[in-house]
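Taking it in order: structure first as structure tokens, then the write-up.
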Amino acid sequence: FYHAYEHYLESAFPYDELRPLTCDGQDTWGSFSLTLIDALDTLLILGNVSEFQRVVSVLQEGVDFDIDVNASVFETNIRVVGGLLSAHLLSKKAGIAVEAGWPCSGPLLRMAEEAARKLLPAFQTPTGMPYGTVNLLHGVNPGETPVTCTAGIGTFIVEFATLSHLTGDPVFEDVARKALKALWKNRSDIGLVGNHIDVITAKWVAQDAGIGAGVDSYFEYLVKGAILLQDKELMSMFLEYNKAIKNYTKFDDWYLWVQMYKGTVSMPVFQSLEAYWPGLQSLVGDVDNAMRTFLNYYTVWKQFGGLPEFYNIPQGYTVDKREGYPLRPELIESAMYLYRATRDPTLLELGRDVVESIEKISKVDCGFATIKDLRDHRLDNRMESFFLAETVKYLYLLFDPDNFIHNDGSVFDVVITPYGECVLNAGGYVFNTEAHPIDPAALHCCRKRKEEQWEVEDLMQEFYSLKKNKKFPLKRAAECGEGESAKDPEDGPSEKGGEKRSSKSTHSLLSCPSQSFNAKLAVLGQVFLDNT
């Protein structure tokens, strides 16, 4: 990690990525100092608190999203929004003095929200499925192609739902869900989705169905979204897809590519991106099948010292022009999940093999280089940010059973927020597809009060209406602190129904920050408690 990280800082920062053969940097995904954002939570997982704190300060001062850059909606979400959200939720653990209101507020959360808002124009399509590219300053370019890959549509629910729950703004989760459901609605009669779709017309442009490139993280996010949000609908969608995938694409514990409408084989290849699948299977409890598929993939690794981008299964060899290995994490990711589930030492052997391969083949003076061709080990002048975000992180977690990420809930932190007590760092972290861990407990820190507030405000409006019509006398149950009285019913109607709230009160009905929530009001004798 440090050989790569320190050379990025010395030779490439503030560019997105390190070019390890020429010891310089380049912008690849939008000019965000991407490797720094992507590596941030890895620093904490490795225990480097001081560098985590330093980088947080650097990012707050140096990253600007108001730039005239065409950015990938998918990549910006998983790397930038995901990385900032994860770092935000880990800030207190890293010893940063968090502001009052954390985790429902904070500078990294505001940065994540700003980045995500730049992506929202992409979702303004007739289908709700987003464009693949957006200009961060001007929105979607007029001539932008409407063709987007399936993963580029279905890989938002983890980050966007987290944002909505932390900020109270439902727009992020709403657009992510709408996009997910649009893909579900447009699956074929045999239950499969293709590779690329027109987001305006919902017509499938590439009709190859499989679990790999262009589709992969859509399935991943149905499972992880279901776990994060305890959402049965998302899980049932995945389980339906899983049946179709097993029926049409699975052969001898390999997964092939098939025509989405007919189920006929179109490409008998294994792609390195598919190696996440055994890890995903383990998350839904299908460990035996996961191990069998994993062992198939491991044989390919042992054949080449890496996973080629494409591997022809019948021929047992690489596919022309797809012989490279850009230090991808997916096989190691699956090994980490499966080791947690089985403790099978074979998985540690894979980890050892990966470390030895990367050290032997890919290490150069200025970092670690993409392997251009696994047959002769030629290198390419690139070190993708996911090497530090994912590959090294999953390797480290495979070999560190006592890492805080693996917490089983036996220890946790209780944080006092303006909305009550909040349990954090109890484990159960959900990794986004760039390996940025999200603490699922954090989603319950900020959302509850919003729901209560909406419920109570609806009731209050009803009572105000009754009192105005002289049908019901309403008495204030609790007085607010000095200068913050609750809105008087005689002040006039609320914003609901299109009428303006009185200028006499600029405060929310429940804006008494000096008192706990349950001291603020009771209506018709019903006290609204924090635990109801």
Subset of the stretch 360-404 that is closer than 19 Å to residue 35 by Cα and of a type in the set (D, E, K, R) - its residue that is farthest from the chain's Cα centre (by Cα): 365
Residues that are of a type outside the set (D, E, K, R), touching an Asp or Glu at 6+ places or on another chain (Cβ under 8 Å) and in a helix (DSSP H, G or I), drawn from the stretch 370-391: 386, 388, 389
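Within the bounds of the stretch 76-94, is there any residue that is outside any strand (DSSP E or B) and open to solvent by 50 Å² or more (accessible area, probe 1.4 Å)? Can you show your working first?
From the stretch 76-94, those outside any strand (DSSP E or B) are 76-94; that's our starting set.
Those left that are additionally open to solvent by 50 Å² or more (accessible area, probe 1.4 Å): 92-93.
Among the residues of the stretch 76-94, at least one is outside any strand (DSSP E or B) and open to solvent by 50 Å² or more (accessible area, probe 1.4 Å), which makes the answer yes.
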Residue list for the stretch 187-234, restricted to those being in a helix (DSSP H, G or I) and surrounded by fewer than 18 Cβ atoms within 10 Å (Cβ to Cβ): 227, 232, 233
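Per-residue answers, yes or no, for (1) open to solvent by 10 Å² or more (accessible area, probe 1.4 Å); (2) touching a residue at least 24 places away in the same chain (Cβ under 8 Å); (3) closer than 27 Å to residue 438 by Cα:
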position	(1), (2), (3)
134	no, yes, yes
142	yes, no, no
148	no, yes, yes
155	no, yes, yes
159	no, yes, yes
163	no, yes, yes
167	yes, yes, yes
175	yes, yes, yes
Within the stretch 83-104, tally of residues that are in contact with a Ser or Thr (Cβ under 8 Å, 6 or more places away or on another chain) and not aromatic (Phe, Trp, Tyr): 6
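Quick one: which helices (runs of 4 or more DSSP H) lie wholly within the stretch 241-346 and hold at least 2 residues that are surrounded by 22 or more Cβ atoms within 10 Å (Cβ to Cβ) and of a type in the set (Phe, Trp, Tyr)?
287-304
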Residue that is most open to solvent (accessible area, probe 1.4 Å) [pool: residues in the stretch 403-441 that are of a type outside the set (Val, Ile, Thr) and part of a helix (DSSP H, G or I)]: 404
Of the criteria (1) touching a residue at least 12 places away in the same chain (Cβ under 8 Å); (2) under 28 Å from residue 124 (Cα atoms), which one residue 256 fails: (2)
Enumeration of residues in the stretch 33-75 that are touching a residue at least 60 places away in the same chain (Cβ under 8 Å) and assigned to a loop (DSSP other than H, G, I, E, B): 46, 65, 66, 67, 68, 69
Selection count where residues are among the hydroxyl-bearing types (Ser, Thr, Tyr) and free of Cβ contacts under 8 Å to residues at least 40 places away in the same chain, scope the stretch 93-132: 1
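The values are calculated or read from the model by the stated rules, or taken from the named source; none is laboratory data. Computed from a predicted model, the values in this text were never measured in an experiment. Note that we place each Cβ from the backbone using ideal geometry, even for glycine, and neighbour counts take in every protein chain shown. Note: accessible area is taken over every heavy atom of the protein model, side chains too, but ligands, DNA and RNA are not part of it. Shrake-Rupley method; radii C 1.70, N 1.55, O 1.52, S 1.80 Å.
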